[in-house]
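Enquirer: Please read through the structure below; I'll follow up with questions.
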Amino acid sequence: MPEEIKIYMFEVVGSPLCVASSDGQKVYERLKTALEMDLNVVLSFHNVTTLTSAFLNAAIGQLYGIFDTDQIRSLLKIEDAEQDDLALLKRVVDNAKLYFKNPEKFNRAIQETLNNEA
Amino acid sequence: MRFFLPKIHHDHTSFDALARLYAETKELNFNKVEIDLRETYWFDADMCAAFGAILYSLGDRLNKVNIIHIPQEVETILSKNGFLSHYGRLTIPDRWGTTIPYQRFDVEDDHFFANYIEDELLHRDEIPDMSRELLKKFRESIFEIFSNAVLHSRTDLGIFSCGQFFPKKDQLDFTVADLGVGIQKNIKDCTGEKYTPEEAIIWATEEGHTTKEGNLPGGLGLKLLIDFIDLNGGCIQIVSDAGYWQRKNRTTKTERLSCPFPGTVVSIEIKTSDTNTYTLTHEIDAEDIF
């Protein structure tokens with residue numbers, strides 16, 4: 001078994017457009033399997049031209065529902081990503097951490113914001 | 001039965017007119033329906049997405065739809081973008097290449113939609129000169145809108161899109177409409193909360209708010225879109241159920257439509273002359289993402 005595996009999003013999706021949640025799910029399935037086996041994973045953004053939060057939520061965000069932050073941080077590395085793609089990914093990751101930390105509390109806090117605006 | 005439409009711009013008044021058309025026709029089945037455009041002296045081409053959604057729902061109930069008395073200029077616009085070809089007319093060549101064709105997609109058509117955007121919007125010579133960063137932000141925004149419809153609409157009838165360049169105004173309009181359950185019902189089903197249609201749209205635009213099911217975080221797409229529009233200086237409008245929401249010049253306003261729209265519409269107006277750099281204020285370290 002390799003010590004480290006590399007997943008090219010371009011190869012998994014078959015296109016430079018990493019935009020559909022269903023495609024993100026395909027990346028997620030591979031990442032989940034690798035992390036469950038304690039493998040180091042490099043996720044390459046090589047050749048990716050367009051990303052959406054919907055794709056990244058499915059591919060990476062939902063990892064936080066089954067793995068803890070330390071585990072993800074130690075096993076998963078990002079490669080070949082542009083700065084604005086990293087910024088989007090960071091936002092997705094922060095959102096996912098908050099979401100899985102306490103989904104009910106998170107939803108309630110936003111509802112209170114809404115009530116204050118009304 | 002005959003129904004009349006006024007001038008159609010992408011604004012509250014015209015969304016209201018389309019919602020009224022739906023309200024007046026929603027009970028019709030197996031009927032002959034004539035949409036009379038004699039008073040429709042202007043039709044913002046991107047609004048074909050919302051108009052087409054309503055006509056599609058009429059066709060789905062096996063009504064025979066006929067569009068009549070179309071003013072010449074409007075007929076030209078709606079023929080160039082292929083809209084009228086869905087109603088028995090021919091598509092005419094778009095010599096100046098300013099239209100983004102009217103198209104209907106099923107929710108499983110993510111890849112088809114991606115190709116449509118690439119072919120019709122991004123790889124054409126006629127596209128206005130936009131900075132690389134603006135173009136990237138713009139395409140991300142369009143895909144966020146489509147993903148939103150795919151993930152939330154719960155529709156079998158499809159997703160409709162259409163757009164138009166205005167080279168002299170340095171403006172690009174693009175609209176996506178779906179015939180789904182709408183934001184208000186989605187929130188009700190997800191959280192049990194009953195909001196007014198306008199409150200429901202506000203809820204959906206808050207960062208972190210999502211009605212996705214299962215173990216999937218969400219609630220960023222519309223916020224990212226709004227952040228982009230704020231920087232770009234354009235405008236975004238959302239119509240869902242009887243709610244109308246608009247963001248322009250960093251100011252949000254909401255209004256009520258006189259009747260519900262049968263789904264959700266997201267319409268964006270982009271300033272193509274925008275030279276913002278969209279650069280980040282600080283470097284992000286790939287080692288420090290997780």
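The values are calculated or read from the model by the stated rules, or taken from the named source; none is laboratory data. None of these values were measured; they are calculated from a predicted model. Cβ atoms come from the backbone with ideal geometry, glycine included; neighbour counts cover every protein chain shown. Protein only, heavy atoms only, side chains kept; ligands, DNA and RNA dropped before computing areas. Shrake-Rupley method; radii C 1.70, N 1.55, O 1.52, S 1.80 Å.
Enquirer: Can you list the lysines whose alpha carbon sits under 21 Å from that of residue B:64, skipping same-chain ones fewer than 8 residues off?
Expert: Hits, sequence-local ones excluded: B:26, B:32.
Enquirer: So what is the accessible area of region B:13-160 per residue, in Å², with the probe set to 1.4 Å? Before the final figure, lay out the partial values.
Expert: Numbers: 6520 Å² over 148 residues.
Accessible surface, normalised per residue, equals 44 Å².
Enquirer: What's the carbon and sulfur percent of region B:202-258's accessible surface, probe 1.4 angstrom, rounded to a whole number? Write out the running numbers ahead of the final one.
Expert: On the way: 830 of 2000 Å².
Solvent-exposed carbon and sulfur of region B:202-258 make up 41 percent of the total.
Enquirer: Where does the charge balance sit around residue B:5 when Lys and Arg score +1, Asp and Glu -1, over other residues with C-beta under 13 Å from its C-beta?
Expert: Numbers: positive: B:2, B:7, B:20, B:38; negative: B:16, B:24, B:34, B:36, B:39, B:44.
Neighbour charge sum, excluding residue B:5 itself: -2.
Enquirer: Under a 5 Å amide H to amide H cut-off, with H placed in plane at 1.01 Å, what residues pair with residue B:180 once short-range neighbours are removed?
Expert: The answer is B:264.
Enquirer: Quick one: which of A:101/B:253; A:26/A:77; A:6/A:101; A:32/B:188 span more than 25 angstrom between C-alpha atoms? Kindly include the intermediate steps, with their values, before the conclusion.
Expert: Working: A:101/B:253 33 Å; A:26/A:77 18 Å; A:6/A:101 29 Å; A:32/B:188 32 Å.
From the list (A:101/B:253; A:26/A:77; A:6/A:101; A:32/B:188), the Cα-Cα distance tops 25 Å for A:101/B:253; A:6/A:101; A:32/B:188.
Enquirer: May I ask you to list the lysines whose Cα is less than 25 Å away from that of residue B:168, ignoring any residue fewer than eight positions away on the same chain?
Expert: Hits, sequence-local ones excluded: B:7, B:80, B:136, B:137, B:248, B:271.
Enquirer: In Å³ and rounded to a whole number, note down the convex hull volume per residue for the Cα atoms of chain B. Walk me through the numbers on the way to the answer.
Expert: Values: hull volume 40.9 nm³, N = 290.
With only Cα atoms used, chain B gives 141 Å³ per residue.
Enquirer: Using alpha carbon centroids, what distance separates region A:31-78 and region B:229-290, in Å?
Expert: Centre-to-centre (Cα) distance: 28 Å.
Enquirer: Go through region B:136-156 and flag every residue whose accessible area shrinks by 30 Å² or more with all protein chains in place compared to the isolated chain (probe 1.4 Å).
Expert: Buried on complex formation: B:136, B:139, B:140, B:143, B:144, B:147, B:151.
Enquirer: Please list the non-local residues whose amide H lies under 5 Å from the amide H of residue B:67, H modeled 1.01 Å from N, same-chain partners needing a gap of 5 or more.
Expert: B:35
Enquirer: While we're here: Report Rg(Cα)/(2.2 N^0.38 Å) for region A:4-117, keeping two decimals. Intermediate results must be reported in sequence, preceding the final value.
Expert: Details: Rg = 14.8 Å, N = 114, 2.2 N^0.38 = 13.3 Å.
Normalised Cα radius of gyration, region A:4-117: 1.11.
Enquirer: Chains A and B: what accessible area do they bury, summed, in square angstrom to the nearest 100, with a 1.4 Å probe? Present the calculation step by step, with values, prior to reporting the outcome.
Expert: Values: alone 7340 and 14370 Å², together 17740 Å².
In total, chains A and B hide about 4000 Å² from solvent.
Enquirer: Output the lone cysteines of chain B: those with no second cysteine's C-beta under 4.7 Å from their C-beta.
Expert: By the Cβ distance rule, which asks for a partner under 4.7 Å, the isolated cysteines are B:190, B:235, B:259.
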